[in-house]
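Take a look at the structure set out below.
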Amino acid sequence: RLYQQRVIDNTMKAIREGHRSILITLPTGAGKSIIGHLLAKRLIEEYGYSVGWTCMRRILLKQAELENRAKFNVPITYFSTFTHHLPKIDVVIEDEAQHSASNTSTSINSQICPKVHIAMTATPYRTDHMKLCFSKVIIDAGLRQLVDEGWLSPYHLYITNMDWCPKTVASIYLQDPNRWGKSIAFFQTRAQCYDFMSILEAAGHASEVVIGGSVKKQEEKIARFRRGEVNILSNVFVLTEGFDAPELRTVFVRDSAKGPTTQMAGRAFRKHASKPYAQIVQSD
């Protein structure tokens, strides 16, 4: 895509100009992982750099690694920000870079001391107001532009004035499950997720709760969702970042701050032949 090529070219230009810490900002679904892998390929070919890819969630690391194997086959070392065995690399590519002000992320960069640090995010701000510090910020297409150009799905926004709780979300969903289609619901606690699942199952609708911990268990539940064995997943935060399911039609977005809200809603914006538009449901 032209905007992806612009971002890659502008990032390489910034590196040639001497910038060593670069932030790339693009909406959810714009293909940041594709950009990251193509940048890694360019840096290896033009500079002979060794490249590492990091983020906080293991399931996102595995997703990025599988995408690399399928599309690019670029020699990249994938490692969690929580690892105790840091690789010796020239370039750190950091996904979900809103976490880059965290102690784990800053510690990684101070220990590796990369020649280039490239960070990518859809939400370049934090709820704790800590600042993300980069010498160069690459901003290109926004959400509205990508929708208008046909790269992301148009969407309908629905607002409820009821309290956001399992009973409320379940009542909205059960009014017309076919209308909402494949859905994700976000709640504040695990207990709320399981309450929501119990209400749906009592009404004859299978669902799954996706929580942290075992990546294998997460993958199994998401696989059931992709196969159509369950049409709705609930979670607290696990599916907020990096979850890629283009067939997802509706996101029930819990009350939160700007960054998490943007990330939650963004799960639905990827285009798919099965949906003419995405649907976002929120409280007022």
Q. Can you list residues whose amide H is under 5 Å from residue 232's amide H, if they're 5+ apart or on another chain and H is modeled 1.01 Å from N?
A. 183, 208
Q) Between residue 176 and residue 17, what FRET efficiency follows from the Cβ-Cβ distance if R0 is 51 Å, with the result rounded to 0.05? A) 0.40
Q. Going by accessible area, probe 1.4 Å, with all protein chains left in place, what is the ranking of 151, 164, 180, largest first?
A. 151, 164, 180
Q | the range 149-284, accessible surface, carbon-and-sulfur percent (1.4 angstrom probe) | A | 51 percent
Q | Cβ charges +1 (Lys, Arg) and -1 (Asp, Glu), total dipole of the chain, debye | A | 420 debye
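Quick one: which of 62/167; 221/271; 32/115; 62/275; 62/221; 41/275 span more than 25 angstrom between C-alpha atoms?
With Cα atoms farther than 25 Å apart: 62/167; 62/275; 41/275.
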Q | Helix axis angle, 2-16 relative to the chain longest principal axis, alpha carbon, degrees | A | 40 degrees
Q | Accessible-area value, residue 163, 1.4 Å probe, nucleic acids and ligands omitted, Å² | A | 120 Å²
Q. How much length is gained on full extension from residue 229 to residue 194, taking 0.36 nm per residue of separation minus their Cα-Cα distance?
A. 10.8 nm
Q: Show the residues, 5+ positions off or on another chain, whose built amide H is closer than 5 Å to the amide H of residue 78.
A: 53
Q: Would you mind telling me which residue in 189, 261, 54 has the biggest mean-square fluctuation in a Gaussian network model of the chain, where springs connect alpha carbons within a distance under 10 angstrom?
A: 189
**Q.** Label-reachable residues, the range 51-90, where backbone N falls under 15 Å from a point 7 Å from residue 219's Cα toward its Cβ
**A.** 58-70
Q) Where does each of 217, 182 land when they are ordered by accessible area, with a 1.4 Å probe and the largest first? A) 217, 182
Q. What's the angle, to the nearest 10 degrees (0 to 90), between helix 32-47's Cα axis and the longest principal axis of the chain?
A. 10 degrees
Q. Using 7 Å Cα-to-Cβ label points, what is the residue 80/residue 160 separation (nm, one decimal)?
A. 3.4 nm
Q: Specify whether the C-alpha gyration tensor of the range 154-213 places it in the rounded, prolate or oblate class, a ≥ b ≥ c being the square roots of the eigenvalues: rounded for a/c under 1.5, otherwise prolate if a/b is larger than b/c and oblate if not.
A: rounded
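Test of understanding: express the Cα radius of gyration of the chain as a ratio to 2.2 N^0.38 Å, with N the residue count.
The value comes to 1.03.
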Q. Using modelled amide H (1.01 Å from N, peptide plane; none on Pro or chain starts), what sits under 5 Å from the amide H of residue 271, excluding residues fewer than 5 places away?
A. 153
Q.
Given a 1.4 Å probe and heavy atoms of the protein chains only, how would you sort 25, 77, largest accessible area at the top?
A. 77, 25
Q) Given only helices, namely DSSP H runs of n ≥ 4 each adding -39500 (n - 2.57), what is the per-residue ellipticity at 222 nm of the chain, to the nearest 500 deg cm²/dmol? A) -11500 deg cm²/dmol
Q) Angle between the Cα long axis of helix 190-202 and the longest principal axis of the chain, 0 to 90 degrees, nearest 10? A) 40 degrees
Q. Which value, in Å², gives the accessible area per residue of the chain when a 1.4 Å probe is used on the protein heavy atoms?
A. 46 Å²
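The values are calculated or read from the model by the stated rules, or taken from the named source; none is laboratory data. Everything numeric in this text was worked out from a predicted model, so none of it was measured. When we count neighbours, we look across all protein chains shown, and the Cβ atoms used for this are built from the backbone with ideal geometry, even at glycine. In case anyone asks, the SASA skips ligands and DNA or RNA and just uses the protein heavy atoms, side chains included. Shrake-Rupley method; radii C 1.70, N 1.55, O 1.52, S 1.80 Å.
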